[in-house]
Amino acid sequence: MNRLTEISARQILGLLENCFDMIDPRLIGHELRTACYADQLLAAAGIDAEKRRDLDCLVFLHDIGAYKTEETGRMIQFETETCWDHSIYGMLFLYHYSPFPNLAEAVMFHHSRWAALTAAGVDRTIARAANLIHFCDRLDIFLTYRQGTIAQFLERLRRPEYYGGYDPELLALAERAPLKPAVPAPANFLFERERLAPFQPRQIETLLTMLIVIIDFRSRHTVTHTMITASTAVQLGRRCGVSKYEQQALGIAGMFHDLGKIGIPLEILENPGRLTQEDMAVMKTHVEKTAVILNGWVSEEIRDLALRHHEKLNGTGYPDGLSASQLTLPQRILAVADIFSALTGERSYKQAYTLKRSCRILAEMRDAGQLDAQVVDAVLSDPQGLADVNEQNCREILDSYQRIQAESQALHDCLTEPVLVEKQLSELWQRLKSDLVSGENNDDISKTA
């Protein structure tokens, strides 16, 4: 399955921005404004185009761990203790799923004081990038929630209690830049950076995978749901004889169909029992949220494909209660693929169903007039073949999810010792990273032996 065709870095960055705005209404626009302040400082420092692009994107993505840890209540406080949960998870996420893994460590330390980083002996490049994020993040929080000015923010940082908080060179740069308010942030500056220093195809693929897994990784029960849905949809499209173009559209829509779940509270996503009517109503809003995220960034065809995966042929689906005459064959295919993925996968409220049981349920829904007979029969003709391809397509993502969980736990174990936390985290991360690279090399050797 070619995941890249028709998807650009600009589209992915735009979709990521909309996803971030779904995390918490208090943080709408925060990521883009923070990156805009960083871009102004990097321009004043004369940083070259490619490095400026990477640092801008790093700052833009610095809170990517917040969707998982839900620490936003603490993050928006101007005076805040280090928010390690989202910082550690965000660092691991960017190390495994960004085009600039060498800078990812800066995200782990983006709430740390400059003095702590230098005392810990953190690599100078990482320390500077972390302090850049810290400065721009706190600047936006100050301007947005304290209703202050840039001059007042800089004046505040001259007080004795802030000594050691920021790199003196960064403060001097901020004084002479001069910085301009980013309210609202220029919508296209991030895209301009990418235009001047375009990401390569492999880097775009990495960004696309990041967009997919920020949703599935929210819950341990949905780690591979999106990839299985997209993989199944493409296979069923082929079995049902749709065109190559429609197969491609099915793959893209399958990857984007649940983006709105980033705005659904984790306690609902991971509820182990039957949802109440109120909670189910909230859960169903993920389709509306997906529409908000997708609008303007994908074609109308792909948008409609993604938004109609819960519609049923007999009009009992949601959000619009559409019926058979209003649903295209690709839309019917994606609906079946989503259900097949949900049935065969683990959920907070159930274990994974066997292929036999899953097929029986699909057949019952077909016979009740909910699902397209041709599509369901395409599943029933060879369910094991679907499962085998899905397993192959998802193995790498599942492995990386397990690595991230293990690495996150190891790094969190450092937090029991409050003295020189930054030093302990930095040293442990270097060991973990070395082990990871060594393991990858051993895998390569075994493949060629």
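The values are calculated or read from the model by the stated rules, or taken from the named source; none is laboratory data. It should be emphasised that the depicted structure is a prediction, and the values quoted were computed from it without experimental measurement. Quick reminder, even Gly has a Cβ in these numbers, built from the backbone with ideal geometry, and neighbours come from all protein chains shown. Only protein heavy atoms, including side chains, enter the accessible area calculation; ligands, DNA and RNA are left aside. Shrake-Rupley method; radii C 1.70, N 1.55, O 1.52, S 1.80 Å.
In order along the range 365-370, phi translates into HN-Hα couplings of 5, 4, 5, 7, x, 8 Hz, rounded to whole numbers, per the Karplus curve 6.51 cos²θ - 1.76 cosθ + 1.60 with θ = phi - 60° and x for Gly and Pro. Solvent-accessible area per residue in the chain equals 43 Å², computed with a 1.4 angstrom probe and all protein chains kept. Calculated from the structure at hand, semi-axes √(5λ) of the Cα gyration tensor in Å is found among (1) 35, 26, 23; (2) 39, 28, 19; (3) 42, 23, 20 as (3).
Residue 284 contributes an accessible area of around 80 Å² to the protein surface, as traced by a 1.4 Å probe with all chains present. A helix-only calculation puts the chain at -20000 deg cm²/dmol for mean residue ellipticity at 222 nm, using -39500 (n - 2.57) for each DSSP H run of at least four residues, averaged over all residues. Per-atom-type breakdown for the chain gives carbon and sulfur 50% of the accessible area (1.4 Å probe, protein chains only). Sorted on the mean count of surrounding Cβ atoms within 10 Å across their residues, most packed first, peptides 134-144, 250-260, 314-324, 17-27 read 250-260, 134-144, 17-27, 314-324. Summary of the geometry: the range 177-199 and the range 132-163, compared by the centres of their Cα atoms, lie 20 Å apart. Packing, taken as the mean count of other beta carbons within 10 Å per residue, orders the peptides 387-399, 154-166, 369-381 from highest to lowest as 369-381, 387-399, 154-166. Under a straight-distance cross-link criterion of Cα-Cα below 17 Å, which lysines are reachable from residue 261, leaving out those fewer than 8 residues away in the same chain? Qualifying lysines at Cα under 17 Å: 68, 284, 289. Taking only the Cα atoms of the range 75-165, the ratio Rg/Rh comes out at 0.99, with Rh defined as the Kirkwood radius.
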